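Every read-out reported here was derived from the displayed coordinates using simple, explicitly stated rules and does not represent laboratory data. Please read these numbers as outputs of a predicted model, since none were measured by experiment. Cβ coordinates were reconstructed from backbone atoms using ideal geometry, including for glycine residues, and neighbour counts include every protein chain displayed.
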Amino acid sequence: MWAFIVRRLGGMLVTMFIISTLVFIITNVVPGSPAALILGEDRTPDQVAALNRELGLDRSVPVRYVQWLGDLLTGNFGTSYYNDNSVASVIAGRLEPTLILTVTAAILAVAIGIPLGIVAAVYQGTRLDYAAMVVALIGAALPNFWLGLLLILLFALYWSVFPAAGYVSVFDAPADSWRYLVLPAITLGASHAGVIARMARANLLEVMSADYLRTARSKGVRERQVILGHALRNSMIPTFGVVGVALALMIGGSIVTEAVFAIPGVGRLLIESVLRRDFPMIQGVILLIALLVALVNLAVDIVYAILDPRIRYE
Amino acid sequence: MSETPPNAGTGADDAGGARAATARGIGASWLRKPANAIGFGLFALVVAAGLLAPLIAPYDPGFIAIRDRLEPPSLTGGHLLGTDHLGRDIFSRMLYGARVSVIVGASVVVLSSLIGIAIGLFGGYSRRFGNFLMRIIDGVMAFPEIVFALALIAALGSSLTNVIIALTFVYVPRVARVVHACTLALRNQEFVLAAEALGGGTLRVAVRHILPNTLGPVVVQGTFIFAYAVISEASLTFLGVGLPPGTASWGVILAEGRNYLLDAPWITTFPGLAIFLLVLNLNILGDGLRDLLDPRSRKLL
């Protein structure tokens, strides 16, 4: 088991290295210099050169790359071009809303998606199955920014059940904060609930035709027990993987959701930084998202290996 | 995968004619399934609306008539789907928006397929490069696509071309992975070994024998990529970093309409509905095509 974890950890480091290199390439090999963009229209060549020197952009790309990687390894993510704040501290201040939103949405997507998929598989071919799959298909195709706007229109503007936008931290006002989370969590979770439902159904159906279930049935085990006791548990292993992928994707999806509901999270920070061409901040946020995604995948792999020992030896 | 799919025939001989006839037969029976027929029909409708936008649209999509601002949809009032905050006709803007979505979707699908096929085939032949490649591809694919697209757009600037470039970059790995997997599986198939034994050069075997057999799965992926590209473009535009505000695209209409959500909900309703239906449709179409062209991968994906 430890060998497996070490191997996966190594894989994660390689992935992080590749992503950080890609991020560096994308944000550094740009046509047009960041200094020119920061200074705007009425800049003089002297100002541009001075700012380039100040930002360290007068050195060659490979030198900057080595320097940047070294800084990352020592935990230095640089300072913002926009204001002189440290990238790490700005991101740390924006992390909480994103994490809470993503986890809430994931719980919601699992709580809706898995029962929906199970019901559809158990009643395969009936109207119930058909209805569940139509719901899942619709959920998977809803653009989440539009869903968010519709929810705001109905539940905030027409019926005033939930606030239309904003975020209140659980730590500041525990009783109030959940009301700000309901609509964003539905917005972010809906499409993944649809995908999870479809996969849960497919996985359960695949297991249901297995030989050992036929054996169980022929021994006279009741159908209810066959499904709950045997089929469901085995079908949950691949379904769990889908949930992991969904959680990783939701971290990205939260960018749009935060924009719709004006939630001051990491996603909003990324958009603000893109609009300001604040490249150190962009790099920092992307690396953070990459790290979160990699950690989710690592956790999924480990739980997978605990649930299904065969995976450890692949 | 050992048989040549009917659509991959070279069609130069008698067998080709027979195969084309079979392909027509399969196509006809495939279209007889309501889900497939509706999916195909609606997609064709959106493409037609986009292509014919200048002919059908009652107004110029940028035509501003402040006195007619925020008019609700009406069958008789001259503005079928209402007007926006500048009095522009939503129906006309929707038609031109379909054009943008189709251009973005089709360009991204074509470009990412071409690049992805080349990378995937090459990766399938060179073991060392293939392994290296798969590492990068898995790294990129494990990553939320919109994040990379945002980074690229931050570097390149916002424009239609740059959105297409960014989304192509993001979706190439999907195609490359599928083609790579197919190539690895096909390389040991007897018909490929036979072609090699008969003296077929590597390039010739790859292009004439392996490539045609990867096209089914690529078409299936392409359908889904079209859907993702439409959503991603609209998301980027909605976030203010995709297409410039002046464009008539579904994402722009949505982003502008959001300030008038309560007063004029129709501005956001129609483009959102259009994106939703197009994506729903492409997903259904993709599922149908997968059953037809790539039955084996159903379980894998």
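Are any of the residues in the stretch B:131-146 more than 30 Å from B:Val205 (Cβ to Cβ), within 13 Å of chain A (Cβ to nearest Cβ) and of a type in the set (S, T, N, Q)? Taking every residue of the stretch B:131-146 in turn, none turns out to be more than 30 Å from B:Val205 (Cβ to Cβ), within 13 Å of chain A (Cβ to nearest Cβ) and of a type in the set (S, T, N, Q).
Every condition in (1) more than 13 Å from chain B (Cβ to nearest Cβ); (2) more than 26 Å from A:Tyr130 (Cα to Cα) is met by A:Ile227 except one, and the failing one is (2).
Please go through the stretch B:156-192 and give me each residue that is more than 14 Å from chain A (Cβ to nearest Cβ) and among the small types (Gly, Ala, Ser), ordered by number. Listed by number, the residues that qualify are B:Ala176, B:Ala181, B:Ala185.
The criterion of being in contact (Cβ under 8 Å) with a residue 24 or more places away in the chain, not charged (D, E, K, R) and not in a helix (DSSP H, G or I) holds for B:Ser158. Starting from residues that are small (Gly, Ala, Ser) and more than 16 Å from B:Gly246 (Cβ to Cβ), keep the ones in the stretch B:78-102 and report whichever is surrounded by the fewest Cβ atoms within 10 Å (Cβ to Cβ). Only one residue fits best here, namely B:Gly78.
When B:Ser92, B:Ser101 are checked against the criterion of being within 24 Å of B:Ile231 (Cβ to Cβ) and in contact with a helix residue (DSSP H, G or I) (Cβ under 7 Å, 6 or more places away or on another chain), B:Ser101 stands alone in meeting it.
Within the stretch A:120-173, the set of residues being more than 14 Å from every other protein chain (Cβ to nearest Cβ), within 27 Å of the chain's Cα centre (by Cα) and of a type in the set (A, V, I, L, M) comprises A:Ala120, A:Ala132, A:Val168, A:Val170, A:Ala173.
So that you can scan it fast, the table gives a plain yes or no per residue for (1) under 31 Å from the mean Cα position of the chain (by Cα); (2) not aliphatic (A, V, I, L, M):
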site: A:Ala36; (1), (2): no, no
site: A:Glu41; (1), (2): no, yes
site: A:Arg59; (1), (2): no, yes
site: A:Asp71; (1), (2): yes, yes
site: A:Asn76; (1), (2): yes, yes
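Filtered by the rule that a residue be in a loop (DSSP other than H, G, I, E, B) and within 15 Å of B:Met94 (Cβ to Cβ), the stretch B:29-70 gives B:Leu52, B:Ala57, B:Pro58, B:Tyr59, B:Asp60, B:Pro61, B:Gly62, B:Phe63.
Working only within the stretch B:167-191, note down all residues that are surrounded by fewer than 20 Cβ atoms within 10 Å (Cβ to Cβ) and assigned to a helix (DSSP H, G or I). Matches in the stretch B:167-191: B:Ala181, B:Leu184, B:Ala185, B:Arg187, B:Glu190, B:Phe191.
Taking every residue in the stretch A:156-173 that is touching a residue at least 40 places away in the same chain (Cβ under 8 Å) and pairing it with any residue that is part of a loop (DSSP other than H, G, I, E, B), at least 6 positions away or on another chain, the pairs with Cβ-Cβ distances below 8 Å are A:Ala165/A:Ala262; A:Ala165/A:Ile263; A:Gly166/A:Ala262; A:Gly166/A:Ile263; A:Tyr167/A:Ala262; A:Tyr167/A:Ile263; A:Tyr167/A:Pro264; A:Tyr167/A:Gly265. Note on the stretch A:238-297: residues that are more than 19 Å from A:Thr21 (Cα to Cα), part of a helix (DSSP H, G or I) and not small (Gly, Ala, Ser) amount to 25.
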